[in-house]
Amino acid sequence: MEITIDTIKRNKTAAFDYQKRRHEEWTENYHLYRDKVIVNRLTQRQSVNVPLMKETIKTILSKIDDAPDVAFEEKGNNKQKEIFLNEYWKDCADNNKFEVKDIVDKKQVLLYGRSWKKLNILNGRPYVEVLDPQDVLIDRYADPADISTALCIIHQHIFRTLGDLEKNPLYDKAAINRLKTFYATQQGLVKADETLQSLQHKNERLAEMGDTEINDPVSGETYVELNENFTRFWDGKEFVITVTTVADGEILMTKPLKDILNINFFPFITWADDVERTDFYSDGVADIVRTPNKILNAWFSQLVENRTMRNFGMNYYDSTGNENWSPQTFEPRPFGWYPFPGNPNDKIKRVDIPELSESLDEMGFIKSLVESATAATATEKGTSEPGQITLGEVQLMAAKATDRITSIAKFYRLAWKELGDKWAQLVLANADKLDAVKLYKKSYKGNYFEQEIKPKDWQSEAGYEVRVTSSAEQEQDNLQTIQKFNAVIAQFPANVPLRKIYQKKLLDLVKVTPEEAKEVLDFEDQAANQPQPDMMAGMPQAPAMAPMAA
């Protein structure tokens, strides 16, 4: 299939129009989260914001902000290769700052309804980045549950300097020379300035979202915006994914993805917590909060303005009663006396500004609606719940809210599994592009061991199975299992195998290492095998009774 610039433009226009309808809502969600409001003459005359969006997102995020545990199991039962790949994943997670990026990833799902990650190889190491949702466009007919069904995925807003383009051996040198000629013209200078401003604006938004890896553009450099177009088509034998890089109407590269990364799948991972079949861009938690937050802002703005206006102490006066008298503003002072020609009650009337304090109850009602819709209740936020009398009622409500919040982990756990699968395939297929790394592992005795591992150390013909465990779900399941075990073991108090299983479950709950668990269980076995002391041996014996006289 021949990829032309016209095909690229049509795909991008259709995908952009499909996403554009969500841009205004995403911007409002983001502004409310960032405590930014736009004033107007009717409803929002004061620049105030009720932080309902912030507290809701933060509350839910605090319940799901633990990254899941990812482990790789070698299908050929080669434990040594399995250990090497798992240690390489941990090293990759540390270098890629997975813990921070995982929080950014979930925050974007809560704010925009969907988030994206992208896989690549940079400087001899696997690299995973969290993308701005507005930077990724997708075919509107793709299955929201499976992006492999998309005909095209476009990664836009990739900013590179002209010098960076010249260093890339995959890019067409003639196209780069045409770009250099274009940017030397007056029209090209205007375009370069627009691109630089767009890059600065993008970096500001990403920095506010928690991305600490953003650097300011280098002054004096000419920046070019690239679009990477991943197109899937049938070549007569199989579906093939082709990558086409475009900059200002120039095609810099068109290659099958197999020729670049030795893989034939979209190197993207995306997930949402409210997946729909009819719309890829489903709602997020922020979409529930947005309208109530805007209502609260309007009411709170009016309440602030009402209090300020009432504090002005404004008055009407009869301007026809005495044409020679012009009222003046008196300086307030203790025990002050202020002259007035005539009866003040007949000539002056205070401007009546009724109180709006009753709106506080209505504002509380609006907040309760949001809390019930998002499960971010007052109890989850760490504040008292009015009307809750007993501790049991509070605990029951907190448990119900926690169950609803932790259900989000089910969606992103699947996304992490997909990430683990694609990451494993990427590192297995690109052994020639990856550098050897020196890793350190600490034994249960506290000693460090050094090992340099190379891609051949984890190469496997059988492949790897990815196992992902969400810490929130695991902790909840463990607690429920322990409660059930307590009931069962009470019925079998002398059953030794059941008690051993129970002890292992308890150790799993506190997350001890396998070496520590073995040491604890070995001690329990030794203690159980030792003879129990006779409890009667050390007790004083009662004196023998004297025989009764006949």
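What length, rounded to one decimal in nm, is gained on full extension from Y316 through to S148, with 0.36 nm per residue of separation minus their alpha-carbon distance?
On the way: separation 168, 0.36 × 168 = 60.48 nm, distance 7.17 nm.
Extra length available between Y316 and S148 comes to 53.3 nm.
I want the local charge near L261. Using Cβ-Cβ distances under 14 Å, sum +1 for each Lys or Arg and -1 for each Asp or Glu among the other residues. Please report the intermediate quantities before stating the final value.
On the way: positive: K118, R125, K255, K258, K422, K433; negative: E228, D259, D432.
Summing Lys/Arg as +1 and Asp/Glu as -1 gives +3.
With point charges of +1 on the Cβ of Lys and Arg and -1 on the Cβ of Asp and Glu, referenced to the Cα centre of the stretch 1-119, which listed residue (W116, I3, Q46) lies farthest in the positive direction of the dipole?
Of the listed residues, the answer is Q46.
Please work out the FRET efficiency for the pair R467 and S47, using the Cβ-Cβ distance as r and a Förster radius of 56 Å; give the result to the nearest 0.05.
Working: r = 50 Å, r/R0 = 0.90.
Calculated transfer efficiency: 0.65.
Working out 0.36 nm times the residue gap between K54 and L509, then minus their Cα-Cα distance, what length gain in nm do you get to one decimal? Mind showing how you got there, number by number?
Values: separation 455, 0.36 × 455 = 163.80 nm, distance 3.22 nm.
Between K54 and L509, full extension yields an extra 160.6 nm.
What accessible area, in Å² to the nearest ten, does a 1.4 Å probe give for E166?
Approximately 80 Å² for this residue.
Quick check: the distance between the Cα centres of the stretch 100-138 and the stretch 10-29, to the nearest angstrom?
18
At 0.36 nm per residue, and after removing the present C-alpha to C-alpha distance, how many nm does the segment from K79 to K456 gain when stretched out fully? Walk me through the numbers on the way to the answer.
Numbers: separation 377, 0.36 × 377 = 135.72 nm, distance 1.45 nm.
My answer for the length gained is 134.3 nm.
Rank L296, L509 by accessible area, highest first, at a 1.4 Å probe radius? Write down the numbers at each step before the final one.
Values: L296 0, L509 55 Å².
Reading off the accessible areas and sorting them downward yields L509, L296.
Using a Förster distance of 51 Å, how high is the FRET efficiency between T27 and N324, based on the Cβ-Cβ distance and rounded to 0.05?
Numbers: r = 58 Å, r/R0 = 1.14.
Plugging the Cβ-Cβ distance into 1/(1 + (r/R0)^6) gives 0.30.
Could you sort D273, D248 by accessible area so the largest value comes first, with the probe set to 1.4 Å?
D248, D273
Could you give the nm distance between label points at K484 and I5, where each point is 7 Å from its Cα heading toward the beta carbon?
It works out to 6.4 nm between the two label points.
Using the beta-carbon distance between N529 and V275 and R0 = 45 Å, what value does 1/(1 + (r/R0)^6) give for FRET efficiency, to the nearest 0.05?
0.25
The values are calculated or read from the model by the stated rules, or taken from the named source; none is laboratory data. Model, not experiment: these values are computed from the prediction. Cβ sites come from the backbone with ideal geometry, for glycine too, and all protein chains shown count toward neighbours. Calculation scope for accessible area: heavy atoms of the full protein, side chains included, ligands and nucleic acids excluded. Shrake-Rupley method; radii C 1.70, N 1.55, O 1.52, S 1.80 Å.
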